[in-house]
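The values are calculated or read from the model by the stated rules, or taken from the named source; none is laboratory data. Note that the structure is predicted; figures quoted are calculated from it, not measured. We place every Cβ from the backbone using ideal geometry, glycine too, and count neighbours over all the protein chains shown.
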Amino acid sequence: MTKAERLRTAMEAVSRGDLPTFGDTLLNDDVVWHWPGRSSVSGDYHGRDAALGLLARFHTLTGGRLQVEPLDILEGRDHLMSFTHITAEREGQQLDVVMADAMRFGSDGRVVEFWTLSNDQDAVDSFIGR
Amino acid sequence: MNEQVQLLERWLAAYGQEEREAMMDSLAEDAVWHVGGTHRFSGDYRGREAIMGYFDAVRQETSDTMKLETLEVLANQRHGAAFLHVTAGRQGRRLDTVAADAFRFDDQGRIAEFWASNADQASIDEFWS
């Protein structure tokens, strides 16, 4: 399975609400996930369980309100970056950003380091909540 | 290797060698540079001049010690990614981090937008404090 195929399989699991399959498919046991900004979920998460906890919280805070339009997946030797256009509306507040999910893969073919990048971090922070 | 990977590699080389003209040529006139974190340089820089001014300020603050080691560069016609090992020194402090940089290209293949994340934003904020 290529890195991009593994990511797509994992994202399909997320869209069904199946976080354990997402974790088993994509994340190394010792993954480190960097979530930037100043929102209530910002920080570094060490290990698969912590990373899945982050995702669960993110989905609780934003669940069902995000429209995700895939733009591009760039796959290389050790790394992958996935670009998505994210839009959402809540109580008159608009979110319209491009996210870039950056990943470094380990020798087992799973992600050992994950960065979630946004081209408007303040907007993402406000939408998640501080 | 595709043209946009070459553009990003040329751009990184130009940054390392302080070739201002080559750096400018790779940037769209109205390019936007998003710098994250909560430090003195955090914020959005709009337009070539503002972006070059940001690079000049970083160079000055770090006494030219910032080094970008390319780990991997990826790109297609619309987007690019650079994974870099970044080191720098400033007032006895040391920065050593891996940065994931995202790029969007305009229809002429120039860098139109940049945003980034670092392995340890807190240490970067501390470095610039």
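May I ask you to list the residues in region A:98-130 that are in a strand (DSSP E or B) and surrounded by fewer than 18 Cβ atoms within 10 Å (Cβ to Cβ)?
Of region A:98-130, the ones in a strand (DSSP E or B) are A:98-105, A:111-118.
Residue satisfying the conditions is A:112 alone.
Within region B:54-129, considering only strands (runs of 3 or more DSSP E) that don't extend past its boundaries, which have at least 1 residues that are within 14 Å of another protein chain (Cβ to nearest Cβ) and of a type in the set (Ser, Thr, Tyr)? Show your work before the answer.
Details: elements: B:67-75, B:79-90, B:93-105, B:111-118.
Fully inside region B:54-129 and qualifying: B:67-75, B:93-105, B:111-118.
Take the residues in region B:3-23 that are out of contact with any helix residue (DSSP H, G or I) (no Cβ under 6 Å at 6 or more places or on another chain) and without any contact (Cβ under 8 Å) to a residue 24 or more places away in the chain, then tell me which one is nearest to residue B:63 (Cα to Cα).
This residue is B:17.
Quick check: anything in region B:14-22 under 26 Å from residue B:122 (Cβ atoms) and modelled with pLDDT of 95 or more? Spell out how you get there, then give the answer.
Here is the first cut: in region B:14-22, the residues under 26 Å from residue B:122 (Cβ atoms) are B:15.
Pick out the ones that are also modelled with pLDDT of 95 or more and you get none.
No: region B:14-22 contains no residue that is under 26 Å from residue B:122 (Cβ atoms) and modelled with pLDDT of 95 or more.
Need the failing condition index for residue A:78 against (1) touching a residue at least 40 places away in the same chain (Cβ under 8 Å); (2) within 26 Å of residue B:123 (Cα to Cα), just the number.
Only one criterion in (1) touching a residue at least 40 places away in the same chain (Cβ under 8 Å); (2) within 26 Å of residue B:123 (Cα to Cα) is unmet by residue A:78, namely (1).
If you check residue A:36 against the conditions, is it surrounded by 15 or more Cβ atoms within 10 Å (Cβ to Cβ), under 23 Å from residue B:82 (Cβ atoms) and of a type outside the set (A, V, I, L, M)?
Working: surrounded by 15 or more Cβ atoms within 10 Å (Cβ to Cβ): yes; under 23 Å from residue B:82 (Cβ atoms): yes; of a type outside the set (A, V, I, L, M): yes.
Yes, satisfied.
For region B:1-53, name all the residues that are of a type in the set (Ser, Thr, Tyr), surrounded by 16 or more Cβ atoms within 10 Å (Cβ to Cβ) and closer than 23 Å to residue A:99 by Cβ. I'd like the intermediate steps shown before the answer.
Of region B:1-53, the ones of a type in the set (Ser, Thr, Tyr) are B:15, B:26, B:38, B:42, B:45.
Checking which are surrounded by 16 or more Cβ atoms within 10 Å (Cβ to Cβ) leaves us with B:15, B:26, B:45.
Across region B:1-53, the qualifying residue is only B:45.
In region A:79-97, what residues are more than 9 Å from chain B (Cβ to nearest Cβ), of a type outside the set (D, E, K, R) and in a strand (DSSP E or B)? Quick ask: steps written out before the conclusion?
At the first step, the residues of region A:79-97 found to be more than 9 Å from chain B (Cβ to nearest Cβ) are A:82, A:84-97.
Those still in the list that are of a type outside the set (D, E, K, R) too: A:82, A:84-88, A:92-95, A:97.
The answer is A:82, A:84, A:85, A:86, A:87, A:88, A:93, A:94, A:95, A:97.
Looking at region A:3-26, is at least one residue surrounded by 15 or more Cβ atoms within 10 Å (Cβ to Cβ), outside any helix (DSSP H, G or I) and away from chain B (no Cβ under 14 Å)?
No: region A:3-26 contains no residue that is surrounded by 15 or more Cβ atoms within 10 Å (Cβ to Cβ), outside any helix (DSSP H, G or I) and away from chain B (no Cβ under 14 Å).
Determine if region A:62-72 includes at least one residue that is surrounded by fewer than 15 Cβ atoms within 10 Å (Cβ to Cβ), among the hydrophobic types (A, V, I, L, M, F, W, C) and not in a strand (DSSP E or B).
Taking every residue of region A:62-72 in turn, none turns out to be surrounded by fewer than 15 Cβ atoms within 10 Å (Cβ to Cβ), among the hydrophobic types (A, V, I, L, M, F, W, C) and not in a strand (DSSP E or B).
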